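Asks: Got a structure here, written out as structure tokens. Questions coming.
Only the coordinates and a few stated rules stand behind these numbers; no lab work does. What you see is a predicted model; the values in this text were computed from it and never measured. Neighbour counts are summed over all protein chains in view; Cβ atoms, including those assigned to glycine, are modelled from backbone coordinates with ideal geometry.
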Amino acid sequence: MAISAVVNAVFNIDNKTYTASLAIPSSAPTAAAPFLFSVVSQAPEAGGKTPDPETLLEVAVGTTNQVYVAVSPPMDVISGAIGSDVVKDLNVVVSEGTYNSKTHTFS
């Protein structure tokens, strides 16, 4: 019997909503159906406008030699950690294989 799992958790921290998602397919991960994990942040509405959600962490694991990890911490966390606005943006991507983050597949 094949069993798959999808887990979604939503956290509200300092008026921001964080959604953590984990998807495990019913079979071993493949290029077309990798294991997926992500954390997305949604800032509250301000001035009648809701900001776009930010993907803070995205992880995909396909077959052998197919791993993708992207980290992009929110700027308020970076500024608070270093105490200044020196860093304007930070994105770190580590991958083995070619991953398409729009289709969530490896090629």
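Asks: What 222 nm value per residue comes from the helices of the chain, counting each DSSP H run with n ≥ 4 as -39,500 (n - 2.57) and dividing by all residues, nearest 500 deg cm²/dmol? Could you put the intermediate results ahead of the total?
Replies: Numbers: 1 runs with 8 residues, N = 107.
Mean residue ellipticity at 222 nm (helix-derived): -2000 deg cm²/dmol.
Asks: Okay, moving on. Sorting check: for 19-27, 6-14, which peptide has the highest mean count of neighbouring beta carbons within 10 Å, and how do the rest follow? Don't skip to the end; give the middle numbers.
Replies: On the way: 19-27: 14.4, 6-14: 9.8.
My ranking of the peptides, most packed first, is 19-27, 6-14.
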